[in-house]
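Sending over a structure as structure tokens; questions will come in a sec.
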Amino acid sequence: MPTQTAQTAPAEAPSQDRDVLGLFPPGSSTAPDGELLVGGCAATELAEVYGTPALVVDEAAVRARARSYSDGLAARWANSRVVFASKAFPCTAIYRLIAEEGLGADVASGGELALALAGGADPADMVVHGNAKTMAELRLAVEAGVGLIVVDDFDDINHLEALLSEPGLRSARSDSDRRQGVLVRLTPDIRPDTHEAVSTGQRGSKFGMPTEQAHLAVERLRSSALLRLDGVHVHVGSQILDTEPFERAVRAAAQLGDFDVYNLGGGLGARYTYDDRPPSVEEYLDALVGAARRELPANAGLLIEPGRSMVAEAGMTLYRVATVKRSGDEPIVAVDGGMGDNLEVALYGQRFEATVATRVGGGRPHRLVGRHCESGDVITPGTVLLQDPRPGDLIAVPVTGAYTYSLTNNYNGALRPPVIFCRDGRSWPVVRRETYADLIGRDLPPV
């Protein structure tokens, strides 16, 4: 029987808290011998069956988070809907899970749209994003009957009107209203405290339109015979650890006018490290809906688009230690993965914690690095506490459920890892590991 169970860290927990188990999915535990259990599954058994590296997802944790968002938002604002920002984890099994929980899907490419449809997402509940949508992607969206397309600029308007003017266009939309529903994306000139690469609401952002242009787009769309202006969209960034920028974004959206729909985006951060203290889902919703009550029409529909905060904390990655270099004050532990399966460190300097999966918690500082051919290939910046790591040991890295799968790649010919779901002591693969045949499979014979 497990002897210790992870609990959500209290907001007032001191920064010196170093409970690594608390970063794993809720309900994760350690067995009497100190081994990590996630979703009731032992780390060693998962590694034995599926190999390493492997991305392990606690299915129950994703479902619980989806319900906390949907139930929490509905309780605060009846005319509302949660739409999963699927770029955080564009996996068919995740789309299927989210659809089963009654959430819509936010897609930002033709590929994400195809995966969402394959997962059973309802096109009517989809929101299509992108600052550089192609005509082919817009056609896919219209033909699928997606509910809303976010207009990022005037070219989007031109392209959609040209597309909808085609006499042979197939559309899944009902005959009662053949117009395509759209939202105008507003750039509200808000720069939250987050990494520059994931800040999207500041003036000069490649996303959306500043206020003066957004007003012009609203005027044009209100006179369109082919597009139906449903409302406005605003999103200021990702991995945001306080609620104030979200409240300011609501005020900015309100200043654009009265609409039927206000899509308030996403961006709530996840707890990656011991020192991170993001708002809870409840605190986030209180702040967001509180601002909406003050600023927006009472009968308007509210949409939110959580991504990272929906899936990050439900995932963990298992690695196998390849070598340990013990010279110097900070031994170097090299594992069998790295920036091929987790680019967050290289792109954003994101810190991750880690533990030896069979000796959870404690230890002395070690540098934890990957196997790829550049010095920037590290599992986390700085050092992590590990208990006597040795070649062959398993290393577990928590909070890898967001963006790691999205950004997997074949650097150094690495094989992209499998995705494993687990729940109640049972595990099953939802994405297989790549093979060398897959790497070669798209090659064409010499001319």
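Probe radius 1.4 Å, ligands and nucleic acids left out: which of Arg203, Arg390, Arg308 has the largest accessible area, and how do the rest follow? Before the final figure, lay out each step's value.
Working: Arg203 140, Arg390 105, Arg308 15 Å².
Reading off the accessible areas and sorting them downward yields Arg203, Arg390, Arg308.
Let me ask something else about it. Using a 1.4 Å probe and counting only protein heavy atoms, arrange Glu344, Glu247, Glu282 so the residue with the most accessible area comes first. Show your work: numbers first, answer last.
Working: Glu344 0, Glu247 45, Glu282 90 Å².
These residues rank, largest area first, as Glu282, Glu247, Glu344.
Now, a different point. Residues with amide H under 5 Å of Gln350's amide H, sequence separation 5 or more or different chain, H placed in the peptide plane at 1.01 Å from N; which?
Sorted by chain and number, the residues that satisfy this are Val345.
Could I ask something else about it? Post the alpha-carbon centroid distance, region 422-444 to region 37-80, in whole angstrom.
Answer, in whole Å: 20.
Any idea of Glu48's accessible area? Nearest 10 Å², probe 1.4 Å.
150
Please report the spacing between the Cα centers of region 279-348 and region 122-145 in Å, no decimals.
Using only Cα atoms to place each centre, the spacing works out to 26 Å.
Further question: Can you give the helix-only mean residue ellipticity at 222 nm for the chain, where every DSSP H stretch with n ≥ 4 adds -39500 (n - 2.57) and the sum goes over all residues, rounded to the nearest 500 deg cm²/dmol?
Values: 12 runs with 118 residues, N = 447.
Taking each H run of at least 4 residues, the total per residue is -7500 deg cm²/dmol.
Right, next: Compare the peptides 354-360, 255-261 by average per-residue count of other Cβ atoms within 10 angstrom and give them in order, highest first.
Numbers: 354-360: 23.9, 255-261: 16.1.
Put in order of decreasing packing, that is 354-360, 255-261.
Tell me, what % of the accessible area of the chain is carbon and sulfur with a 1.4 angstrom probe?
On the chain, the fraction of accessible area on carbon and sulfur atoms equals 50 percent.
A follow-up question, please. At 7 Å along Cα-to-Cβ for each site, give me the label-to-label distance between Asp275 and Thr211 in nm.
Taking the two extended label points, one gets 3.6 nm.
Specify whether the C-alpha gyration tensor of region 289-447 places it in the rounded, prolate or oblate class, a ≥ b ≥ c being the square roots of the eigenvalues: rounded for a/c under 1.5, otherwise prolate if a/b is larger than b/c and oblate if not. Mind showing how you got there, number by number?
On the way: a/c = 1.98, a/b = 1.33, b/c = 1.48.
It is oblate, given that a/c is not under 1.5 and a/b is not larger than b/c.
Run the 1.4 Å probe and let me know the accessible area of Lys325, rounded to the nearest 10 Å².
130
Ignoring ligands and nucleic acids, what accessible area does Met135 show with a 1.4 Å probe (Å², nearest 10)?
Only protein atoms counted, so the area is about 70 Å².
Could you tell me which residue out of Ser205, Ala136, Ala93 lies farthest along the dipole of the chain toward its positive end? Charges go on the beta carbon: Lys and Arg +1, Asp and Glu -1, centred on the Cα centre.
Ala136
How high is the relative contact order of region 4-148? Use alpha-carbon pairs under 8 Å, at least six apart in sequence, and give a whole percent.
Values: 181 pairs, mean separation 19.7, N = 145.
So the answer I get is 14 percent.
Per residue, how much accessible surface does region 221-294 expose to a 1.4 Å probe? Answer in Å², no decimals. Mind dumping the intermediate values first?
Working: 2540 Å² over 74 residues.
On a per-residue basis, region 221-294 sits at 34 Å².
Something else about it: Are there cysteines in the chain with no other Cys C-beta under 4.7 Å, and if so, which?
Cys91, Cys373 - these cysteines have no disulfide-compatible partner (Cβ-Cβ under 4.7 Å) in the chain.
Under a crude label model (7 Å from the Cα following the beta-carbon direction), how far is Ser224 from Arg293 in nanometres?
Here the modelled spin labels are 3.4 nm apart.
What percent antiparallel are the DSSP beta bridges of the chain, to the nearest 5? Working shown, then result.
Details: 32 of 67 bridges.
The antiparallel proportion sits near 50 percent.
Would you rank Arg251, Arg170 by solvent-accessible area, highest first, keeping every protein chain in place and using a 1.4 Å probe?
Output order, biggest surface exposure first: Arg170, Arg251.
Contact order normalised by length for the chain, with contacts defined as Cα pairs under 8 Å and 6 or more residues apart; what percent is it? Working shown, then result.
Values: 1027 pairs, mean separation 85.5, N = 447.
RCO, the chain: 19 percent.
About the Cα centre, and with charges only on the beta carbon of Lys, Arg (+1) and Asp, Glu (-1), how big is the dipole of region 305-389? Nearest 20 debye, please.
Values: 9 positive and 11 negative charges, 66 e Å.
Here the size comes out at about 320 debye.
To the nearest 20 Debye, how big is the dipole of the chain about its Cα centre, given +1 on the beta carbon of each Lys and Arg and -1 on that of each Asp and Glu?
Working: 43 positive and 59 negative charges, 74 e Å.
Value, rounded to 20: 360 debye.
Specify whether the C-alpha gyration tensor of region 19-112 places it in the rounded, prolate or oblate class, a ≥ b ≥ c being the square roots of the eigenvalues: rounded for a/c under 1.5, otherwise prolate if a/b is larger than b/c and oblate if not. Each step should come with its number before you reach the end.
Values: a/c = 3.18, a/b = 1.64, b/c = 1.94.
Because a/c hits 1.5 or more and a/b fails to exceed b/c, region 19-112 counts as oblate.
The values are calculated or read from the model by the stated rules, or taken from the named source; none is laboratory data. A quick note: this is a predicted structure, and the numbers were derived from the prediction, not measured. Positions of Cβ are generated from backbone atoms using ideal geometry, with glycine treated the same way; all protein chains shown enter the neighbour counts. Accessible surface is based on the protein model in full, side chains and every heavy atom, while ligands, DNA and RNA are left aside. Shrake-Rupley method; radii C 1.70, N 1.55, O 1.52, S 1.80 Å.
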